[in-house]
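Working notes, beginning with the structure itself.
The values are calculated or read from the model by the stated rules, or taken from the named source; none is laboratory data. Owing to the predicted nature of the structure, the values given are computational and were not obtained by experimental measurement. Cβ placement follows ideal geometry from the backbone for every residue including glycine, while neighbour counts extend to all protein chains displayed. For the accessible areas, the whole protein counts, side chains as well, though only heavy atoms, and no ligand, DNA or RNA atoms are used. Shrake-Rupley method; radii C 1.70, N 1.55, O 1.52, S 1.80 Å.
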Amino acid sequence: MAGFDKVVSSYEEAMAGLTDNMTVIAGGFGLCGIPENLINEIKRKGTKGLTLVSNNCGVDDFGLGILLPARQIKKIIASYVGENAEFERQMMAGELEVELTPQGTLAEKMRAGGAGIPAFYTATGVGTPVAEGKDEREFNGRDYILEESIVGDFAIVKAWKADRYGNLVFRKTARNFNPMAATAGKITVVEVEEIVEPGELDPDQIHTAGIYVDRLILGSFEKRIEQRTVRPSTTQGEK
Amino acid sequence: MALSREQIAKRVAQELQDGFYVNLGIGIPTLVANYVPENMEVMLQSENGLLGMGQFPTEEEIDADLINAGKQTVTMATGASIFDSAESFAMIRGGHVDLTVLGAFEVDVNGNIASYMIPGKLIKGMGGAMDLVAGADNIIVTMTHASKHGVSKLLNNCTLPLTGKGCIKKVLTDLAFIEIKNGKFHLLERAPGVTVEEIIKLTEGELIVTGDVPEMVF
């Protein structure tokens, strides 16, 4: 690596420095746009006691779910979980701490964390279990709760394309939490489907600037589909 | 007769207006997309980062990078846009979505809604529901009026943990279309063939009935 060149050549190098009890922020929504090979590398390393921040926790044999059998996750901060049996078992047995966080609050916690904003007020969750223990304040006649932002020791991100400087372009709804995650890691690691030379991406079309990215690796992806819904190709189908 | 899921969706669709940006929750609310009136333009927002959600893809069109908030494969409608999750919830929390339709376990006379958690059972999480109910002004809750055993879900006080406080003004059940104001339920319409008495019997919270309550028209 030299200058702004963020490219690393192995997954081992990509996740170097990840140690037990760290906080890892992961991009992705369901199984869409998840950094699947970076997750595989965490499994291979066997890092334990992790606090994971991610909208979901994958399924039994794919995505973050693969970190469950060896009990690598101590705590997960997510908006929607339980798409896998082992997760349910560990949660019910009290082996896994789960902090359910509204999806918009979770996205904003990452965004604020990456932007150096320690906390923010939101109306989301007022009067619900989410508000318990949080500062409440009225603005213009409406109640809001104070939510603290999140910064990760690592952020793991999946983008579509990048240049060697780490400028990123995402594709369709695989973007989701990835841009915020990218800003909120002390070390941000990104895996992509294609790496081009600096200057090849149109600066106007870059979603995430390279300043947020520390390491970049070229991967190949399974891109598993969670809910395969189709309409017949012979008819107009449903609207 | 109690409304079918499709009839509930059809009645909700009558509340759509040309040019509305709409967020539809999982379940019955999703079906509303099937009944958008002809010659009306409505754009569907999916909170994972898509405005202008289209129909399901054909086998050939399937793209793992293009899903909706229910994690189903979808397509994009003409004029769609893609954005990240923070931007998506800026639309929702900033009050930019014209209509939100979502399901619930319980609502009460104070506009409280419980929809995400039954203590003691598996807790999967609120997803975007808390943001949606807190951020939207125009919300329609779709739900069954009572349990199979006749226990009302339209209550004086929600018994389950809340998704949002004081944020629901309209509820469409399989029996009735109800407005919530001034701490009371108000009966606007009945499902065809369902009597006012039947609705009162299955509504725990105070229900105001004014004059002849019209039947829903489809």
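Quick look at the values:
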quantity: Percent accessible area from carbon and sulfur atoms, the stretch B:54-146, protein chains only, probe 1.4 Å; calculated: 50
quantity: Dipole moment magnitude, nearest 20 debye, the protein assembly as shown about Cα centre, only Lys, Arg, Asp, Glu C-beta charged; calculated: 800
quantity: Peptide B:48-55, shielding by other chains (average Cβ, 10 Å cutoff); calculated: 5
quantity: Relative contact order (%) - the stretch A:1-142, alpha-carbon pairs under 8 angstrom, separation at least six; calculated: 16
quantity: Top positive-direction residue, dipole computed over the protein assembly as shown with Cβ charges, set B:149, A:76, A:34; calculated: B:149
quantity: Per residue value of the accessible surface for the stretch B:85-134 (all protein chains in place, 1.4 Å probe), Å²; calculated: 30
quantity: The stretch A:92-239, accessible surface, carbon-and-sulfur percent (1.4 angstrom probe); calculated: 44
quantity: Cα-projected label distance for residue B:60 with residue A:97, points at 7 Å along beta-carbon direction, nm; calculated: 5.3
quantity: For residue A:6, net neighbour charge (Lys/Arg +1, Asp/Glu -1) across residues whose Cβ lies under 14 Å away; calculated: -3
quantity: Residue B:39 paired with residue B:200, simple spin-label distance in nm, labels 7 Å along Cα-to-beta-carbon; calculated: 4.2
quantity: Accessible area that becomes buried as A packs against B, both chains, 1.4 Å probe, Å², nearest 100; calculated: 4500
quantity: Computed helical MRE - 222 nm, chain A, DSSP H runs ≥ 4 contributing -39500 (n - 2.57), nearest 500; calculated: -4500 deg cm²/dmol
quantity: Translational diffusion coefficient (Stokes-Einstein; Kirkwood radius from C-alpha pairs) of chain B at 37 °C, 0.692 mPa s, in µm²/s; calculated: 183
quantity: Positive-pole candidate from B:16, B:159, B:177, dipole of chain B, charges at beta carbon; calculated: B:159
quantity: Estimated dipole of chain A in Debye, rounded to 20 [Cβ of Lys and Arg +1, of Asp and Glu -1, Cα centre]; calculated: 280
quantity: B:96, A:207, B:149, ranked by accessible area, largest first (probe 1.4 Å); calculated: B:149, B:96, A:207
quantity: Mean shadow area of the protein assembly as shown, taken as a quarter of the surface of its Cα convex hull (nm²); calculated: 23.1
quantity: Solvent-accessible surface (1.4 angstrom probe) belonging to residue A:132, in square angstrom, nearest 10; calculated: 140
quantity: Residue among A:195, A:205, A:177 farthest towards the positive dipole end of the stretch A:141-239, charges placed on Cβ; calculated: A:177
quantity: Rounded, prolate or oblate (a/c below 1.5 giving rounded, otherwise prolate when a/b exceeds b/c) for chain A by Cα gyration tensor; calculated: rounded
quantity: Distance from the stretch A:113-146 to the stretch A:193-208 (C-alpha centre basis), Å; calculated: 37
quantity: Test item: A:124-136 mean partner chain Cβ contacts at 10 Å; calculated: 5
quantity: Average Cα contact separation per residue, chain B, under 8 Å, 6 or more apart, as relative contact order %; calculated: 19
quantity: Value of relative contact order over the stretch B:16-57, rounded to a whole percent, pairs C-alpha under 8 Å and six or more apart; calculated: 43
quantity: Surface per residue (accessible, 1.4 Å probe) for chain A, Å²; calculated: 43
quantity: About the Cα centre, charge dipole magnitude for the stretch B:89-218 (Lys/Arg +1, Asp/Glu -1 at Cβ), debye; calculated: 480
quantity: Listed residue pairs exceeding 28 Å between alpha carbons, taken from B:71/B:121; B:10/B:181; A:74/B:124; A:48/A:161; calculated: A:48/A:161
quantity: For the stretch A:31-59, residues shielded by at least 40 square angstrom of accessible area compared with the chain on its own, probe 1.4 Å; calculated: A:32
quantity: Global form of the stretch A:147-233, assessed from the alpha-carbon gyration tensor, a/c cut-off 1.5; calculated: oblate
quantity: Under Karplus coefficients 6.51, -1.76 and 1.60, residue-wise ³J(HN,Hα) of the stretch B:61-71 in Hz, glycine/proline x; calculated: 8, 3, 9, 4, 8, 10, 10, 9, 5, x, 6
